[in-house]
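Worksheet: one structure, shown below.
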Amino acid sequence: EPEVTQTPSHQVTQMGQEVILRCVPISNHLYFYWYRQILGQKVEFLVSFYNNEISEKSEIFDDQFSVERPDGSNFTLKIRSTKLEDSAMYFCASSEVGQGTGELFFGEGSRLTVL
Amino acid sequence: GENVEQHPSTLSVQEGDSAVIKCTYSDSASNYFPWYKQELGKRPQLIIDIRSNVGEKKDQRIAVTLNKTAKHFSLHITETQPEDSAVYFCAAPNTGNQFYFGTGTSLTVIP
């Protein structure tokens with residue numbers, strides 16, 4: 001069964017450093033997303049991406065964040081200058097149809113620890 | 001934007017009993033309501049979903065009911081088993097392109 005894959009599974013970084021989280025969505029999916037889950041809390045929407053551009057972003061997704069689809073398979077989330085409060089699990093997800101109408105498939109997540 | 005509330009936050013049941021988790025939403029245009037199960041340290045996985053053109057959907061021991069007028073939907077798990085222990089999240093979309101998740105319900109099934 002095809003699945004969304006994410007790397008790294010765990011990254012530890014110093015405050016102020018740049019971090020890039022990588023995702024390979026399911027190959028025939030057209031919509032890509034990043035979500036964040038702080039330990040013990042709910043899953044929070046960060047950004048959605050369709051047709052090579054951001055289609056929607058939340059207030060969490062400020063200027064420190066950016067997303068990119070550098071080639072036909074990868075979808076990346078960059079945090080420019082990490083803060084302690086960026087420590088969380090970051091989930092990539094993809095869907096075949098637009099969010100709000102069809103199933104989201106989540107990756108295993110990338111745990112980010114900012115020291 | 002969408003406001004999704006979920007209750008209860010924790011739920012303990014004896015094995016074999018039923019569990020019910022409820023969610024309310026605010027955006028009347030929402031038309032797709034999934035439920036995700038998240039085991040400790042794992043990704044959320046869809047267990048059941050319902051679209052606004054039906055009031056109930058069942059899949060073996062799991063069912064979801066939807067009341068569009070009242071803007072609430074519920075997850076029902078019957079004959080609970082220890083492997084049902086997990087955190088369950090409901091979600092609802094806004095009129096744009098994002099899901100809002102509930103705050104989660106930690107279900108513990110006591111053997």
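Every read-out reported here was derived from the displayed coordinates using simple, explicitly stated rules and does not represent laboratory data. Since we're looking at a predicted model, the values are computed, not measured. As a convention, Cβ positions derive from the backbone with ideal geometry for all residues, glycine included, and neighbour counts pool all protein chains shown.
A cut-off under 15 angstrom between Cβ atoms defines the neighbours of residue A:29, and their net charge, with Lys, Arg +1 and Asp, Glu -1, is -3.
Projecting the Cα atoms of A:70, B:29, B:89 onto the charge dipole of the protein assembly as shown, computed from C-beta unit charges around the Cα centre, puts B:29 farthest toward the positive end. Cα gyration tensor of the protein assembly as shown, axes a ≥ b ≥ c as square roots of the eigenvalues: rounded (a/c below 1.5), prolate (a/b > b/c) or oblate? In terms of gyration-tensor shape, prolate. Label positions at residue A:66 and residue A:5, each projected 7 Å from the Cα along the C-beta direction, are separated by 2.6 nm.
Label sites at residue B:29 and residue A:41, each approximated as a point 7 angstrom past Cα along Cα to Cβ, lie 2.7 nm apart.
When chain B is treated as a Gaussian network with alpha carbon springs shorter than 10 Å, the biggest mean-square fluctuation among B:25, B:100, B:36 belongs to B:100.
Springs join every pair of Cα atoms under 10 Å in this Gaussian network model of chain B, and among B:69, B:24, B:78 the largest mean-square fluctuation is at B:69. With a ≥ b ≥ c taken as the square roots of the eigenvalues of the C-alpha gyration tensor of the range B:40-111, please select rounded if a/c is under 1.5 and otherwise prolate if a/b is larger than b/c or oblate if it is not? The shape class here is oblate. Extension gain for residue B:56-residue B:69 works out to 3.3 nm (0.36 nm per residue, less the C-alpha to C-alpha distance).
Each label was represented as a point 7 Å from its Cα along the Cα-to-Cβ direction; for residue B:12 and residue A:53 these points are 5.3 nm apart.
Treating each Cα of chain A as one equal point scatterer and applying the Debye formula with no solvent, the log10 of I(q)/I(0) at q = 0.14, 0.18 Å⁻¹ comes out as -0.51, -0.86. Placing +1 on each Lys and Arg Cβ and -1 on each Asp and Glu Cβ, with no other charges, gives the protein assembly as shown a dipole about its Cα centre of roughly 140 debye.
In the range B:59-103, whose amide N lies under 20 Å from the spot 7 Å out along Cα-to-Cβ of residue B:5? List them in ranges. Zone members listed by number: B:65-76, B:88-95, B:100-103. Considering all different alpha carbon pairs of the range B:1-75, the Kirkwood hydrodynamic radius works out to 13.4 Å.
A Cβ-based charge dipole, computed about the Cα centre of chain A with Lys and Arg at +1 and Asp and Glu at -1, lands at about 280 debye. Assuming charge only on the beta carbon of Lys and Arg (+1) and of Asp and Glu (-1), the dipole of the range B:24-111 about its Cα centre is about 200 debye to the nearest 20.
Within the listed set A:86, A:71, A:63, the Gaussian network model of chain A (springs between alpha-carbon atoms below 10 Å) gives the highest mean-square fluctuation for A:71.
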